[in-house]
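This report refers to the structure that appears directly beneath it.
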Amino acid sequence: MVEFGERITALTDPLGSIAKASKELKIPANTLSRLRRGENEPTPGVLLALADGLHVSMDYLLGLSDEPLALPPKVGRPQADPLAFERVPRLDVRAAAGAGSINHMFAIDGELPFPHWMLQKLAPPGAKLSFLRAKGDSMEPTIVDGALLLVADSNGDLRVPDRPPKPKNRSDVQDIYVFLQGDDLRVKRLRKSKQGAIFIMSDNPAYEPEVLLKDDLKRFKLCGRVIWWDNRL
């Protein structure tokens, strides 16, 4: 939230005082003050008001882009808002991109807004979604230590495929999963052999591939597939 607060401060300073800026943006002054200090997470409605009033893109406000592209002006009748958000639970847990990280709690630690149109493109229909953090360097340079992961669980129907679907583009990744191996919550690339063994692979060449055989699979549980991540947030 520090980066968000800094961006809001830089964008609202030219409007004058906080009272003037809040009136211009139609946001309560105390809400705007807390956002500028990085104390509160903005609600979807406040994010929309900020993007509209400050004439910047939603991606810029959320730190997904460094280009403050101006939003197109509203013309004619209002249309359905393409920037609707869904609230996705954030779990108080880290998935180890390394040798494993023991976790005993999977409590919900708040919620994060995520654009609905992106979820329609990324997530399987009816998927259960959650945010969590990666821990470790075994998935670098793809996923760095501390990266924010968006994980989808298709209501228990998720399976490790023999081979991932053909990617739609260079950024489309279909084979990175979050899984439990005993008490260790991990994030890795997974493949399943025809004989049923599961291969665990890292993107960092310093880590050797692993194989889970019959006895190992008794302690293996697939939690979800990583459908989006950000190494900066």
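Quick look at the values:
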| read-out | value |
| --- | --- |
| The range 1-45, subset among the hydroxyl-bearing types (S, T, Y) and part of a helix (DSSP H, G or I), residue surrounded by the most Cβ atoms within 10 Å (Cβ to Cβ) | T12 |
| Single residue of V178, V173 found to be modelled with pLDDT of 65 or more and under 28 Å from D92 (Cβ atoms) | V178 |
| Lone unmet requirement of (1) at pLDDT 75 or above; (2) not assigned by TED's automatic domain parsing to the domain that holds K218 for G146 | (2) |
| Residue in the range 184-195 that is farther than 18 Å from A152 by Cα, of a type in the set (A, V, I, L, M, F, W, C), surrounded by 14 or more Cβ atoms within 10 Å (Cβ to Cβ) and in the same structural domain as S138 (by TED's automatic domain parsing) present | no |
| From the options A51, A107, residue that is modelled with pLDDT under 85 and assigned by TED's automatic domain parsing to the domain that holds T9 | A51 |
| Subset of the range 110-137 [of a type in the set (A, V, I, L, M, F, W, C) and either farther than 21 Å from N231 by Cβ or in a loop (DSSP other than H, G, I, E, B) (or both)] | W117, A123, A127 |
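To keep it simple, each residue is scored yes or no on (1) of a type in the set (F, W, Y); (2) within 22 Å of the chain's Cα centre (by Cα); (3) modelled with pLDDT of 70 or more; (4) closer than 19 Å to M118 by Cα.
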{"position": "S22", "(1), (2), (3), (4)": "no, no, yes, no"}
{"position": "L25", "(1), (2), (3), (4)": "no, no, yes, no"}
{"position": "P28", "(1), (2), (3), (4)": "no, no, yes, no"}
{"position": "R34", "(1), (2), (3), (4)": "no, no, yes, no"}
{"position": "L64", "(1), (2), (3), (4)": "no, yes, no, yes"}
{"position": "V75", "(1), (2), (3), (4)": "no, no, no, no"}
{"position": "A80", "(1), (2), (3), (4)": "no, no, no, yes"}
{"position": "E86", "(1), (2), (3), (4)": "no, yes, yes, yes"}
{"position": "A97", "(1), (2), (3), (4)": "no, yes, yes, no"}
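The values are calculated or read from the model by the stated rules, or taken from the named source; none is laboratory data. Just so it is clear, the structure is predicted and the values come from calculations on it, not from any experiment. A quick note on method: Cβ atoms are made from the backbone with ideal geometry, for glycine too, and the neighbour counts reach across all protein chains shown.
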